[in-house]
Amino acid sequence: MTDMAKQDAFVAFERVQKSYDGETLVVKDLNLSMPKGEFLTMLGPSGSGKTTCLMMLAGFETATHGAIKLDGVSINDISPHKRGIGMVFQNYALFPHMTVAENLSFPLEVRKMGKSDREAKIKRALDMVQMGNFAGRRPTQLSGGQQQRIALARALVFEPELVLMDEPLGALDKQLRETLQFEITRLAHDLGITVVYVTHDQTEALTMSDRVAVFDDGRIQQLAPPDELYEKPQNSFVAQFIGENNALDGTVQEVRGNRCTVRLESGDVIDALPVNVSKPGDKTRVSIRPERVEFNPELGPDAHTLEAEVLEFVYMGDVFRTRLRVAGRDDFVVKTRNRADQVRLRPGEKVKIGWLPEDCRALDAT
Amino acid sequence: MSDATAGAAPGHKKASAAKAAEKPGPMVDAEGRPLKESLNRSLRLQKMRALMLIAPLLIFVLLTFIAPIADMLFRSVQNGIVSETLPRTTHRLADWDATTGDLPDEAVYEGLYYDLFIAAERKLHTRLGSRLNYEMTGMSSLFRQSGRSLDDIGDVYFDQFKDLDPNWDEAMPWAELLGDPEWIAEMQAWDEDSGETMPTFELADGISDLLPLTAETYSAFADYVQSEDGDSPLQEEPWVLVHTALYQDLMAKDVSGYNGPQAAMLKAADAAVGGFESVTFKDGMEGVDGDWLDHPTWETIQMYSPEFTNGYFLNAVDMQKTPDGPAMRDDDQRIYGLLFKRTMFMSLMITGSCILLGYPIAWLLSNVRVRTANLLLILVLLPFWTSLLVRTSAWKVMLQQQGVINDVLVWLGLIADDSRLVMINNQFGTIVAMTHILLPFMILPLYSVMQTIPPTYLRAAKSLGATNWTAFWRVYFPQSVPGIGAGSILVFILSIGYYITPEIVGGTTGTFISNRIAYHISSSLNWGLAAALGTILLALVLGLYYAYDKIVGIDNVKLG
């Protein structure tokens with residue numbers, strides 16, 4: 001990252017570390033910068049440090065080391081209520097003793113806004129989340145989805161430039177979650193706000209974000225737009241964590257430009273794209289997406305193919321999911337589109353499989 | 001509630017609404033019976049089982065708690081003792097107009113003589129004396145004194161009857177004159193050692209028409225002798241009261257037609273009574289005790305004649321009954337109003353200091369790690385495991401003038417040795433000791449409510465721009481109000497009826513109304529007044545509870 005980019009960054013974590021007990025680091029050397037207007041998702045398994053990062057940004061946790069900057073200014077020592085950051089919590093955190101309108105009025109009142117201004121803003125915010133008729137209700141009289149809309153409206157009503165969302169849709173059912181995912185992205189783009197969104201749901205991360213930061217073990221494993229994250233994972237963790245993935249362990253046999261051959265533990269040799277390997281003899285784990293595998297491939301004359309035995313065939317409507325025994329492993333999955341000419345394999349059939357070398361990424365061995 | 005259920009509910013409602021539209025009138029079950037009825041039937045077994053489960057406690061509470069309290073409260077208006085002990089007097093006194101200033105007429109004195117004589121024989125007159133003494137001092141000694149010298153009136157007639165015929169001082173002739181012959185026969189056949197009960201006295205036929213007063217008094221006598229002493233009326237000479245009654249009957253009635261037993265003796269007496277020396281009952285009672293000619297004595301008896309009285313309640317609010325209606329007592333006799341006010345004031349002070357001291361502790365308890373919270377909770381509960389008396393006495397040691405706190409203050413030079421602070425045996429001491437004792441009752445409900453307030457609310461408030469104070473005051477505090485409410489109700493109601501601590505450390509200025517109630521229960525034995533005070537206290541608490549419900553809402557109270 002260039003110095004220019006760093007200066008433009010609206011939100012920046014610089015060498016941030018966090019420890020709760022003084023013995024282990026929950027966040028290890030975090031560097032991250034976001035331009036204004038970006039929708040960035042922090043994705044990772046629980047305990048990966050993503051929520052801690054969010055809390056440090058909100059000001060509820062202090063960074064043990066490093067600087068967190070907002071619009072170029074370090075906010076390490078600024079208390080949460082002066083940061084002007086909107087926040088949506090997982091359990092909504094709507095004040096139960098106030099009506100919806102009072103909840104929305106709260107951030108405006110503490111900013112000493114006049115009554116007429118407040119009413120106008122509350123109305124606009126409620127209309128924004130299609131909850132205009134619910135101003136007089138209490139939070140307990142609303143459903144989960146409605147409460148989350150109100151929480152969203154409350155985080156936006158005082159027009160913050162940065163909004164943090166901590167697994168806001170975690171408690172909702174699937175259909176509602178999808179509707180709200182769409183609404184949140186739409187609102188974020190319409191209002192031009194910068195959003196840091198924390199989730200452990202990769203679909204959510206991929207569908208909503210401009211960029212996704214995959215967290216594991218206190219570090220960002222990869223920070224990239226969703227398509228890049230899925231198609232070009234930088235390491236085995238990301239490949240495994242995002243989407244469905246076939247992983248095969250082996251040793252690099254030969255590296256030639258952007259091609260390499262890998263000898264698997266079963267003795268089979270395959271073609272791959274060297275990503276985290278540099279020289280023959282490196283241990284590697286190769287990653288192939290299930291939809292990039294072809295049956296009986298017609299590839300180049302020197303391309304390698306593997307023998308496979310069909311274990312299971314699952315009809316899933318738009319796709320077929322075929323589970324195979326490949327190179328001694330029986331969790332190899334291939335997805336094929338449901339086309340009229342698509343072959344439907346039966347369990348026990350033998351078949352040859354292969355892929356384009358650039359679809360098979362030789363990553364780090366874990 | 002999730003969206004799924006929210007979505008389902010209206011649909012369900014719609015379906016049942018459609019059904020109702022099809023079939024107007026009450027819903028019926030599959031067999032055509034009203035749905036409500038069959039629902040009740042199916043739930044009846046469950047209800048019965050639930051009732052059975054609580055039955056032992058319910059019966060226990062009813063018998064040992066509710067019933068005695070109800071009885072005690074009933075005593076605050078109960079006043080049957082006057083009309084039961086003096087039935088004739090109170091009946092005749094009903095028409096007397098106390099405001100004219102005249103004394104009651106002879107008939108009232110006559111009734112009084114009869115009533116008092118019987119009461120004195122039954123030893124009931126002193127009880128009535130002490131009852132009326134609550135209303136007017138001197139009544140107790142008046143009744144005791146009268147009981148002793150009441151015979152003076154009857155002796156006048158007794159002596160003359162005896163002089164006329166010594167048989168009038170014998171048991172048997174009286175019994176034959178007034179008793180049913182069959183009863184006399186049974187009585188004579190009765191063997192004292194047989195273990196059978198004595199045949200109950202029965203009047204001879206027609207005798208109560210002939211000698212109504214005599215029959216009545218002799219019955220009372222016979223009943224008393226039989227039931228109280230276990231003696232036979234055949235062997236006991238009647239009271240001189242009966243001679244008085246006989247004199248009055250003979251003066252009023254014509255007995256010439258009588259030819260039953262002892263007719264000769266009776267007719268001889270009838271012939272002689274015209275010449276008997278007599279005394280009016282009024283003069284007689286004056287001779288017994290001059291106070292019977294005092295107007296206020298009769299005012300008091302008349303005022304407390306009815307079976308139910310508001311006298312105790314008037315007394316409990318520093319008022320008294322007068323012939324002109326209820327009136328305030330003199331300033332120097334007013335005590336209960338002050339005590340009620342003081343009790344309220346001090347209970348409020350105690351509740352207030354419990355909130356001030358308990359709130360931060362409860363907050364701390366709900367915001368530290370569970371292990372630390374448990375340890376702190378044990379410290380909070382520790383006083384519960386110590387005897388109340390020990391704790392109160394400890395405060396006595398701490399607060400007294402030669403006590404620990406004064407010693408420390410003197411040692412530090414903050415106060416002079418000759419001007420040690422008075423911190424015990426006054427309101428201050430009571431408030432300090434009771435705050436300490438009742439503090440756990442504030443902390444526990446507060447803690448249980450605060451535990452349920454997630455810390456995200458404070459974070460949310462701060463993220464919305466609120467300062468720490470605003471976040472606390474506008475977001476956290478309102479949610480902890482149910483805890484404050486529950487704790488306050490507990491502490492206030494407990495303290496308003498507290499007894500031991502004010503008794504020990506309260507001195508004269510720090511005592512509560514409950515101490516006065518205890519005094520009337522155990523020392524002055526004026527249970528009626530104690531019951532009235534207790535009823536007022538109960539009404540006060542219920543009133544406050546009602547007010548709390550109206551203002552804050554009792555649904556907002558969380559006890560755990």
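The values are calculated or read from the model by the stated rules, or taken from the named source; none is laboratory data. Values in this document were obtained by computation on a predicted structure and should not be read as measured data. Cβ coordinates were reconstructed from backbone atoms using ideal geometry, including for glycine residues, and neighbour counts include every protein chain displayed.
Looking only at the range A:30-50, decide whether some residue is part of a strand (DSSP E or B), among the charged types (D, E, K, R), more than 14 Å from chain B (Cβ to nearest Cβ) and surrounded by fewer than 18 Cβ atoms within 10 Å (Cβ to Cβ).
Looking for residues that are part of a strand (DSSP E or B), among the charged types (D, E, K, R), more than 14 Å from chain B (Cβ to nearest Cβ) and surrounded by fewer than 18 Cβ atoms within 10 Å (Cβ to Cβ), one finds none in the range A:30-50, hence no.
Of the residues B:Thr467, B:Thr430, which single one is of a type in the set (Ser, Thr, Tyr) and touching a Pro at 6+ places or on another chain (Cβ under 6 Å)?
The conditions single out B:Thr430.
Check whether at least one residue in the range B:435-453 is under 30 Å from A:Met165 (Cα atoms), in contact with a strand residue (DSSP E or B) (Cβ under 8 Å, 6 or more places away or on another chain) and part of a helix (DSSP H, G or I), and report yes or no.
No: the range B:435-453 contains no residue that is under 30 Å from A:Met165 (Cα atoms), in contact with a strand residue (DSSP E or B) (Cβ under 8 Å, 6 or more places away or on another chain) and part of a helix (DSSP H, G or I).
Among the listed residues B:Ser480, B:Ser514, which satisfies the condition of being crowded, with 20+ Cβ neighbours inside 10 Å, within 14 Å of chain A (Cβ to nearest Cβ), within 47 Å of the chain's Cα centre (by Cα) and not in a loop (DSSP other than H, G, I, E, B)? Outline the logic, then answer.
Values: B:Ser514 fails: within 14 Å of chain A (Cβ to nearest Cβ).
Just a single option satisfies the conditions, and that option is B:Ser480.
So, of the residues in the range A:142-172 that are free of Cβ contacts under 8 Å to residues at least 40 places away in the same chain and more than 9 Å from chain B (Cβ to nearest Cβ), which turns out to be farthest from the chain's Cα centre (by Cα)?
Per the stated criteria, the residue is A:Glu159.
Find all pairs meeting these conditions: Cβ atoms under 7 angstrom apart; at least six residues apart or on different chains; first residue within the range B:167-186 and within 13 Å of B:Met265 (Cβ to Cβ) and assigned by TED's automatic domain parsing to the domain that holds B:Glu236; second residue assigned to a helix (DSSP H, G or I) and among the charged types (D, E, K, R).
Note: pairs meeting the criteria are B:Trp168/B:Lys162; B:Asp169/B:Lys162.
Residue by residue through the range A:90-103, note down the ones that are modelled with pLDDT of 90 or more and either more than 19 Å from B:Trp473 (Cα to Cα) or in contact with a Leu (Cβ under 7 Å, 6 or more places away or on another chain) (or both).
Residue satisfying the conditions is A:Asn103 alone.
Please name all residue pairs, on different chains or six or more residues apart, with Cβ atoms under 6 Å, provided the first residue is in the range B:437-464 and is away from chain A (no Cβ under 14 Å) and the second residue is not in a helix (DSSP H, G or I).
B:Pro445/B:Leu559; B:Ser448/B:Gly560
Kindly provide the set of residues from the range A:301-333 that are closer than 21 Å to A:Leu273 by Cα, surrounded by 11 or more Cβ atoms within 10 Å (Cβ to Cβ) and free of Cβ contacts under 8 Å to residues at least 60 places away in the same chain, ordered by number.
A:Ala303, A:His304, A:Thr305, A:Leu306, A:Glu307 - these are the residues of the range A:301-333 that are closer than 21 Å to A:Leu273 by Cα, surrounded by 11 or more Cβ atoms within 10 Å (Cβ to Cβ) and free of Cβ contacts under 8 Å to residues at least 60 places away in the same chain.
Only one of B:Ile301, B:Ile355 is in the same structural domain as B:Asp95 (by TED's automatic domain parsing) and modelled with pLDDT of 85 or more. Can you tell me which?
On the way: B:Ile355 fails: in the same structural domain as B:Asp95 (by TED's automatic domain parsing).
Going through B:Ile301, B:Ile355 in turn, just one is in the same structural domain as B:Asp95 (by TED's automatic domain parsing) and modelled with pLDDT of 85 or more: B:Ile301.
For the range A:168-201, name all the residues that are under 19 Å from A:Glu38 (Cβ atoms) and surrounded by 19 or more Cβ atoms within 10 Å (Cβ to Cβ).
A:Pro168, A:Gln181, A:Ile184, A:Ala188, A:Ile193, A:Thr194, A:Val195, A:Val196, A:Tyr197, A:Val198, A:Thr199
Give A:Thr203, A:Thr207 a once-over and let me know the one that is more than 28 Å from A:Leu25 (Cβ to Cβ), modelled with pLDDT under 90 and assigned to a helix (DSSP H, G or I).
None of the others qualify; the one that does is A:Thr203.
Starting from residues that are among the β-branched types (Val, Ile, Thr) and touching a helix residue (DSSP H, G or I) at 6+ places or on another chain (Cβ under 6 Å), keep the ones in the range B:371-419 and report whichever is surrounded by the fewest Cβ atoms within 10 Å (Cβ to Cβ). Spell out the reasoning first.
Within the range B:371-419, the subset among the β-branched types (Val, Ile, Thr) is B:372, B:378, B:380, B:386, B:390, B:392, B:397, B:404-405, B:408, B:410, B:415.
Checking which are touching a helix residue (DSSP H, G or I) at 6+ places or on another chain (Cβ under 6 Å) leaves us with B:380, B:392, B:404-405, B:410, B:415.
Numbers: B:Val380: 19, B:Thr392: 21, B:Val404: 12, B:Ile405: 17, B:Val410: 17, B:Ile415: 14.
Applying the filter and picking the extreme gives B:Val404.
Can you give me the number of residues within the range B:58-101 that are in a loop (DSSP other than H, G, I, E, B), over 19 Å from B:Met139 (Cβ atoms) and aliphatic (A, V, I, L, M)?
Summing the residues that are in a loop (DSSP other than H, G, I, E, B), over 19 Å from B:Met139 (Cβ atoms) and aliphatic (A, V, I, L, M) in the range B:58-101 gives 2.
Of the numbered conditions (1) in contact with a Gly (Cβ under 7 Å, 6 or more places away or on another chain); (2) closer than 28 Å to B:Pro482 by Cβ; (3) not basic (Lys, Arg), B:Leu544 fails exactly one; give the number of that condition.
Every listed condition holds for B:Leu544 apart from (1).
When the range A:63-75 is examined, which residues are found to be away from chain B (no Cβ under 14 Å) and either of a type outside the set (D, E, K, R) or in a helix (DSSP H, G or I) (or both)?
A:Ala63, A:Thr64, A:His65, A:Gly66, A:Ala67, A:Ile68, A:Gly72, A:Val73, A:Ser74
Take the residues of the range A:77-135 that are under 29 Å from the mean Cα position of the chain (by Cα), of a type in the set (Gly, Ala, Ser) and in a loop (DSSP other than H, G, I, E, B): which is nearest to the other protein chains (Cβ to nearest Cβ)?
Out of the qualifying residues, it is A:Ala93.
Could you tell me which residue of the range B:161-198 is surrounded by the fewest Cβ atoms within 10 Å (Cβ to Cβ), considering only residues that are at pLDDT 85 or above and assigned to a loop (DSSP other than H, G, I, E, B)?
B:Glu170
All but one of (1) within 24 Å of A:Met208 (Cβ to Cβ); (2) of a type in the set (A, V, I, L, M); (3) away from chain B (no Cβ under 14 Å) hold for A:Met55; which doesn't?
It fails just one condition, (3).
Being within 30 Å of A:Ala12 (Cα to Cα) and assigned by TED's automatic domain parsing to the domain that holds A:Asp190 narrows it down to one of A:Phe95, A:Phe89, so name that one.
Being within 30 Å of A:Ala12 (Cα to Cα) and assigned by TED's automatic domain parsing to the domain that holds A:Asp190 holds for just one of A:Phe95, A:Phe89, which is A:Phe89.
Mind checking whether some residue in the range B:302-315 is among the hydroxyl-bearing types (Ser, Thr, Tyr), surrounded by 13 or more Cβ atoms within 10 Å (Cβ to Cβ) and within 30 Å of B:Tyr457 (Cα to Cα)?
no
Of the residues B:Val475, B:Val491, which is touching a Cys at 6+ places or on another chain (Cβ under 7 Å) and either touching a residue at least 60 places away in the same chain (Cβ under 8 Å) or crowded, with 21+ Cβ neighbours inside 10 Å (or both)?
Only one candidate passes the filter, namely B:Val491.
When you look at B:Ala531, is it buried (at least 20 other Cβ atoms within 10 Å of the Cβ) and of a type in the set (A, V, I, L, M, F, W, C), yes or no?
Considered against the rule, which asks whether it is buried (at least 20 other Cβ atoms within 10 Å of the Cβ) and of a type in the set (A, V, I, L, M, F, W, C), B:Ala531 comes out as yes.
Restricting to the range A:186-205, name every residue that is out of contact with any helix residue (DSSP H, G or I) (no Cβ under 6 Å at 6 or more places or on another chain) and among the hydroxyl-bearing types (Ser, Thr, Tyr).
A:Thr194, A:Tyr197, A:Thr203
When you check A:Lys69 against the structure, is it closer than 26 Å to B:Leu458 by Cβ, touching a residue at least 12 places away in the same chain (Cβ under 8 Å) and over 21 Å from the mean Cα position of the chain (by Cα), yes or no?
In short, yes.
So which of B:Thr322, B:Thr309, B:Thr351, B:Thr343 is in contact (Cβ under 8 Å) with a residue 24 or more places away in the chain and closer than 29 Å to B:Arg144 by Cα?
After applying the criteria, what remains is B:Thr309.
For the range A:77-88, give me the residue count where each residue is out of contact with any Lys or Arg (no Cβ under 8 Å at 6 or more places or on another chain), of a type outside the set (Lys, Arg) and surrounded by fewer than 14 Cβ atoms within 10 Å (Cβ to Cβ).
Residues in the range A:77-88 being out of contact with any Lys or Arg (no Cβ under 8 Å at 6 or more places or on another chain), of a type outside the set (Lys, Arg) and surrounded by fewer than 14 Cβ atoms within 10 Å (Cβ to Cβ): 1 in total.
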